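The values are calculated or read from the model by the stated rules, or taken from the named source; none is laboratory data. Keep in mind it's a predicted model, so treat the numbers as computed, not measured. When we count neighbours, we look across all protein chains shown, and the Cβ atoms used for this are built from the backbone with ideal geometry, even at glycine. Quick note on the areas: whole protein, heavy atoms, side chains included, nothing else; ligands and nucleic acids left out. Shrake-Rupley method; radii C 1.70, N 1.55, O 1.52, S 1.80 Å.
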Amino acid sequence: MDRTSLLRLLLAALLAVLLIAGAGWTTAHAHSGVIVNGAPLEPRHTAALEQTYRTRLVPGRYWYDAMSGLWGLEGGASVGLIAPGLPFGRMDPSASVGRRAGITGVFVNGREIHPDELSHLRALYGPVVRARYWLNARGIAGYEGGPPQFNLVAAAQQARGNSHLRRGLFGSTGSDGQCSYYMHPNGSSVMTGRC
């Protein structure tokens, strides 16, 4: 084998090694730019969420509470509710407060809640004890290690007065007694009555 043929063979082998290694790297490390609980969201989870909720995920850094299904942007309050129990890793206790840890002293499922969330709880219940609480996906809550003591859904409905909200697979319906609405999972909505 001449020197040129040997050089070509070595270059081809090196290229093959780099392509194989590169393919493995992109498969293992590529992601949609969506970070959940400090880790890149796997492409299969991105696809499943986009299909289930009929939306495109916006690249960013998010936290997710697997017990309640609440989620939000890192450093922010909860902004939505999805299925609980998804395998998105461990939520950081300071996910909603960032470097301001200790600002509210109220922890829900291990996460210190954002001041805006604390304001909503105060509007529903009055003073809120600085403590650790659990919350499930049905809105039932209690002190960590204790029995159920609060129903956030019922408290919110009572605070709104004569109203209802129902969430289902095909969207949400709601009414305050004068205005009724339907909201499709993609975000489009229809309202009727005195809105």
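Residues of the range 49-59 being open to solvent by 50 Å² or more (accessible area, probe 1.4 Å), in a helix (DSSP H, G or I) and modelled with pLDDT of 90 or more, which ones? Correct list: Q51, T52. All of P185, P115 fail the test of being surrounded by 13 or more Cβ atoms within 10 Å (Cβ to Cβ), out of contact with any His (no Cβ under 7 Å at 6 or more places or on another chain), modelled with pLDDT under 70 and under 21 Å from Y62 (Cα atoms), apart from P185.
Restricting attention to the range 124-146, the residues being among the hydrophobic types (A, V, I, L, M, F, W, C), in contact with a helix residue (DSSP H, G or I) (Cβ under 7 Å, 6 or more places away or on another chain) and within 17 Å of A159 (Cα to Cα) number 2. When the residues of the range 131-155 are filtered to those that are out of contact with any strand residue (DSSP E or B) (no Cβ under 9 Å at 6 or more places or on another chain) and of a type outside the set (A, V, I, L, M, F, W, C), the one that is farthest from G80 (Cα to Cα) is P147.
Checking the structure you have, find out if any residue of the range 68-81 is open to solvent by 50 Å² or more (accessible area, probe 1.4 Å), assigned to a loop (DSSP other than H, G, I, E, B) and not hydroxyl-bearing (S, T, Y).
The first filter runs over the range 68-81 and keeps only residues open to solvent by 50 Å² or more (accessible area, probe 1.4 Å), leaving 71, 73-74, 79, 81.
Going one step further and asking which of them are assigned to a loop (DSSP other than H, G, I, E, B), we end up with 74.
Cutting the leftovers down to not hydroxyl-bearing (S, T, Y) gives us 74.
Looking for residues that are open to solvent by 50 Å² or more (accessible area, probe 1.4 Å), assigned to a loop (DSSP other than H, G, I, E, B) and not hydroxyl-bearing (S, T, Y), one finds at least one in the range 68-81, hence yes.
The set of residues in the range 20-37 being surrounded by fewer than 15 Cβ atoms within 10 Å (Cβ to Cβ) and modelled with pLDDT of 90 or more consists of G33 alone.
In the range 130-148, the residues that are over 18 Å from P93 (Cα atoms) reach residues that are open to solvent by less than 30 Å² (accessible area, probe 1.4 Å) and part of a loop (DSSP other than H, G, I, E, B) with C-beta atoms within less than 7 angstrom, at least six apart or across chains, in these pairs: A137/S68; A137/G69.
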